[in-house]
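Peer 1: Once you've had a glance at the structure underneath, I'll fire off some questions.
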Amino acid sequence: MELIVVVGFLKRRNNPAMTIPAELVQRLATAKSVTVLTGAGVSAESGVPTFRDAQTGLWAKYSPEELATPRAFRRNPRLVWEWYEWRRNLVAGAKPNPAHLALVEMQNLFLRFHLITQNVDGLHQRAGSRHVIELHGNITRTICFEEGTIVSTWKDTGDVPPKCPACGGLLRPDVVWFEEPMPEEEMQEAMTASTHCDFFFSVGTSTVVYPAAALPSEALRSGATVVEINPQPTPLTPQAHYALAGAAGVVLPELVMALKASRLA
Ligand code: BV8
């Protein structure tokens, strides 16, 4: 099947009557099992900066990869804690956007639907997505750096980071840092969902961070039709069956509308 690239979503964003390839809609209309992998690009239209976006303010001089490691936390726990505090405030002030809402609709349009995210912002769940497979954790949860246990309340002694009420160890965000192993259960579920689906959507991810970035290739290898939604090309673009070069908040609602219309037709 040749690669179909559709461009122009960005330019004509304010013209909602965009067309999604009819062949894609026809084929999706009969799909039983759909798996979606999302990245930071899905939250971009909610005002949450992507990892590729330059960090601003205090954080401008750090690359995310520098701060999101156990080594960085050991070296300067206050700096890393305050970075996550800044991101937590950003996320708290953000709202799910039309891309998140379209994915909530999609979970009811197929017999089997899996949503895998690299995002730690919890916006899929806030939009109403059920059973989100969080590959890289969630910054609204906190764990003990020593014991790895979830800690939901602690005494505010003024320490930054605060201390674990059980062992006195440092508290940290419940996210997977670079050079840290992935959560086994979530990774297994993500791999199964990626290799047992008719359609695999890769939405708003630069497809460079592993092992998440290997999931689209696993889906391709298992015979799924792979659709990429991203305004910019990624290493996946040449391999995808459909590359929809546009913003998720424009393309996904269009896709859902076209799908519903085709099922009514
Ligand atoms: C591990 C949580 C074993 C923390 C994150 C194989 C090859 C090379 C390297 C490795 C490899 N295997 C392992 C590695 C090392 C490393 C890695 O992949 N490094 C990269 C940098 C090369 N992986 C790991 O360390 C993983 N662990 O392998 O454990 C191990 C153990 C010991 C030693 C070694 C290995 C752990 C990875 C998880 C790290 N944690 N997040 C936090 O968030 O603070 S990763 C984090 O960055 C995100 O979760 C996400 O995964 C990634 C950012 O990627 P994206 O989400 O795609 O975002 P990005 O900004 O890059 O791109 C946004 C895209 O959206 C762009 O393409 C843009 O065009 C598009 N876009 C913009 N606007 C829109 C849009 N799209 C649609 N609509 C729009 N409106």
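The values are calculated or read from the model by the stated rules, or taken from the named source; none is laboratory data. Everything numeric here is computed off the predicted structure, so don't read it as measured data. Positions of Cβ are generated from backbone atoms using ideal geometry, with glycine treated the same way; all protein chains shown enter the neighbour counts.
Peer 1: Taking Arg87 as meeting all but one of (1) within 11 Å of the ligand (Cβ to nearest atom); (2) of a type outside the set (Asp, Glu); (3) modelled with pLDDT of 95 or more, write down the number of the exception.
Peer 2: Answer for Arg87: the failing condition is (3).
Peer 1: So, one more: With respect to the numbered conditions (1) within 11 Å of the ligand (Cβ to nearest atom); (2) surrounded by fewer than 18 Cβ atoms within 10 Å (Cβ to Cβ); (3) more than 26 Å from Leu67 (Cβ to Cβ), which one is the sole condition not fulfilled by Met191?
Peer 2: Here Met191 meets the rest and fails (1).
Peer 1: Being of a type in the set (D, E, K, R), more than 16 Å from the ligand (Cβ to nearest atom) and either under 27 Å from the mean Cα position of the chain (by Cα) or surrounded by 12 or more Cβ atoms within 10 Å (Cβ to Cβ) (or both) narrows it down to one residue among Glu146, Glu186, Glu180; which is it?
Peer 2: On the way: Glu186 fails: more than 16 Å from the ligand (Cβ to nearest atom); Glu180 fails: more than 16 Å from the ligand (Cβ to nearest atom).
Exactly one residue qualifies, and that residue is Glu146.
Peer 1: Further question on the same structure: Being over 16 Å from Ala94 (Cα atoms), away from the ligand (no atom under 11 Å from the Cβ) and hydrophobic (A, V, I, L, M, F, W, C) is the filter here; which residues of the range 117-135 pass it?
Peer 2: First, pick out the residues of the range 117-135 that are over 16 Å from Ala94 (Cα atoms): 117-118, 129-135.
Checking which are away from the ligand (no atom under 11 Å from the Cβ) leaves us with 129-133.
Val132, Ile133 - these are the residues of the range 117-135 that are over 16 Å from Ala94 (Cα atoms), away from the ligand (no atom under 11 Å from the Cβ) and hydrophobic (A, V, I, L, M, F, W, C).
Peer 1: Output the number of residues of the range 89-105 satisfying the condition of being closer than 29 Å to Gln26 by Cα and either crowded, with 20+ Cβ neighbours inside 10 Å or among the basic types (Lys, Arg) (or both). Spell out how you get there, then give the answer.
Peer 2: The first filter runs over the range 89-105 and keeps only residues closer than 29 Å to Gln26 by Cα, leaving 96-105.
With either crowded, with 20+ Cβ neighbours inside 10 Å or among the basic types (Lys, Arg) (or both) added as a condition, the list becomes 96-97, 99-100, 102-103.
Residues that pass the stated criteria total 6.
Peer 1: Continuing with this model, one more query. Residue by residue through the range 199-226, note down the ones that are crowded, with 19+ Cβ neighbours inside 10 Å and either within 21 Å of His131 (Cβ to Cβ) or in contact with a Cys (Cβ under 6 Å, 6 or more places away or on another chain) (or both).
Peer 2: Phe199, Phe200, Phe201, Ser202, Val203, Gly204, Thr205, Ala212, Leu215, Pro216, Ala219, Ala224
Peer 1: Pick from Asn97, Asn108: which is polar (S, T, N, Q) and in contact with a helix residue (DSSP H, G or I) (Cβ under 6 Å, 6 or more places away or on another chain)?
Peer 2: On the way: Asn108 fails: in contact with a helix residue (DSSP H, G or I) (Cβ under 6 Å, 6 or more places away or on another chain).
Testing whether each residue is polar (S, T, N, Q) and in contact with a helix residue (DSSP H, G or I) (Cβ under 6 Å, 6 or more places away or on another chain) leaves just Asn97.
Peer 1: Now for a separate question. Do you know which residues across the range 54-75 are in a loop (DSSP other than H, G, I, E, B) and either more than 9 Å from the ligand (Cβ to nearest atom) or free of Cβ contacts under 8 Å to residues at least 12 places away in the same chain (or both)? Steps first, answer last, please.
Peer 2: First, the residues of the range 54-75 that are in a loop (DSSP other than H, G, I, E, B): 54-56, 62-63, 68-69.
Scanning the range 54-75 gives Ala54, Gln55, Thr56, Tyr62, Ser63.
Peer 1: Given (1) touching a Gly at 6+ places or on another chain (Cβ under 9 Å); (2) within 11 Å of the ligand (Cβ to nearest atom), where does Lys163 come up short, assuming only one miss?
Peer 2: Answer for Lys163: the failing condition is (2).
Peer 1: Only one residue in Lys32, Lys11, Lys95 is among the basic types (Lys, Arg), over 16 Å from the mean Cα position of the chain (by Cα) and at pLDDT 95 or above, so which one is that? Can you show your working first?
Peer 2: Values: Lys11 fails: at pLDDT 95 or above; Lys95 fails: over 16 Å from the mean Cα position of the chain (by Cα).
Sole residue among the options that is among the basic types (Lys, Arg), over 16 Å from the mean Cα position of the chain (by Cα) and at pLDDT 95 or above: Lys32.
Peer 1: Kindly indicate which of Pro49, Pro21 is more than 11 Å from the ligand (Cβ to nearest atom), surrounded by 15 or more Cβ atoms within 10 Å (Cβ to Cβ) and on the phi < 0 side of the Ramachandran plot.
Peer 2: Details: Pro49 fails: more than 11 Å from the ligand (Cβ to nearest atom).
None of the others qualify; the one that does is Pro21.
Peer 1: Output the qualifying pairs, or none if there are none: Cβ atoms under 8 angstrom, residues six or more apart or on different chains, first residue in the range 251-265 and of a type in the set (S, T, N, Q), second residue in a helix (DSSP H, G or I).
Peer 2: Ser262/Val25; Ser262/Gln26; Ser262/Ala29
Peer 1: Is it true that some residue in the range 59-75 is touching a Leu at 6+ places or on another chain (Cβ under 8 Å), crowded, with 17+ Cβ neighbours inside 10 Å and modelled with pLDDT under 95?
Peer 2: Yes, the range 59-75 has at least one match.
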